């Protein structure tokens, strides 16, 4: 049975010096709000509130259903708070900026820079009905995103939930990585009773098995799955299913007419089920992304031009000599 959802804080609620404006998103572990500070500056506030442990039906206070859940919730609070402290020290243009973090209402809040733009997921939805996401855009977004992820890894953090919905593209075209999952991963890895939180299709095989070690290669799988989604318009098959029967398409065969062999080979490497077969560091992955791109097997522009010429020719009525 699914856990009941927590009620969000009401619009206009005063949370320290922030006023809640509206709900932005709600998941199994947290709720994110748009709020404004005392100078009317917009911020995004993430509230730690796991549905499986505590419930808020009305008002602002949260309540655990039993003592065991309360202990797990408090452990998660500690992880979430430590994550906020670490992220607050990471000042990088491609990582969501944490402005503040504090305790209130028996939980923890993380205040982040509010970004304007749209997610890569939205970009994929807009482009896939036509010809897919352009290779130049894929390389640009992920090269710069990896600059930020590299900084995260240097701070001994993993993201663990890289997917197009967590990659935000600002209005100037620069990407920013959102919604870190390291606190919830710590929570689920130490308490087997809790359901692990990951996104099927974007989660690496080792995220399904707590015995396997996690590292930069785990996030690199998520990067590869996100690049795959730019091609396919959808996530690759979930890793646990792939381990039983791998139905991942051959990307070079499927999309070789639209993307360079170098990019397609890189995506296939990132999606290797064996972690040792993936690029082992962000730096290694970036070097591969910088390799010059060859021309796709077929030039789609030429094919479309020939097809259009043929259709125009066959549509014209033939002349009969008099």
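The values are calculated or read from the model by the stated rules, or taken from the named source; none is laboratory data. The shown structure was predicted, so the numbers you read here are calculated from the model rather than taken from an experiment. Cβ sites come from the backbone with ideal geometry, for glycine too, and all protein chains shown count toward neighbours.
Couple of notes before you dig in:
- Going through (1) farther than 16 Å from residue 108 by Cβ; (2) free of Cβ contacts under 8 Å to residues at least 60 places away in the same chain; (3) buried (at least 16 other Cβ atoms within 10 Å of the Cβ) one by one, residue 6 falls short only on (1).
- Of the residues 127, 78, the single one that is assigned by TED's automatic domain parsing to the domain that holds residue 179 and in a helix (DSSP H, G or I) is 127.
- Tally, over region 27-48, of residues that are under 22 Å from residue 88 (Cα atoms) and either at pLDDT below 90 or not assigned by TED's automatic domain parsing to the domain that holds residue 77 (or both): 2
Yes or no, residue by residue, for (1) in contact with a helix residue (DSSP H, G or I) (Cβ under 7 Å, 6 or more places away or on another chain); (2) buried (at least 21 other Cβ atoms within 10 Å of the Cβ); (3) part of a strand (DSSP E or B); (4) at pLDDT below 90:
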{"residue": "133", "(1), (2), (3), (4)": "yes, yes, no, no"}
{"residue": "142", "(1), (2), (3), (4)": "yes, yes, no, no"}
{"residue": "172", "(1), (2), (3), (4)": "no, no, no, no"}
{"residue": "180", "(1), (2), (3), (4)": "yes, yes, no, yes"}
{"residue": "183", "(1), (2), (3), (4)": "yes, yes, no, yes"}
{"residue": "189", "(1), (2), (3), (4)": "no, no, no, yes"}
{"residue": "195", "(1), (2), (3), (4)": "no, no, no, yes"}
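- Single residue of region 231-260 satisfying the filter (assigned to a loop (DSSP other than H, G, I, E, B) and touching a residue at least 40 places away in the same chain (Cβ under 8 Å)) that is nearest to the chain's Cα centre (by Cα): 235
- Residue 118 at pLDDT below 95 and part of a strand (DSSP E or B): yes
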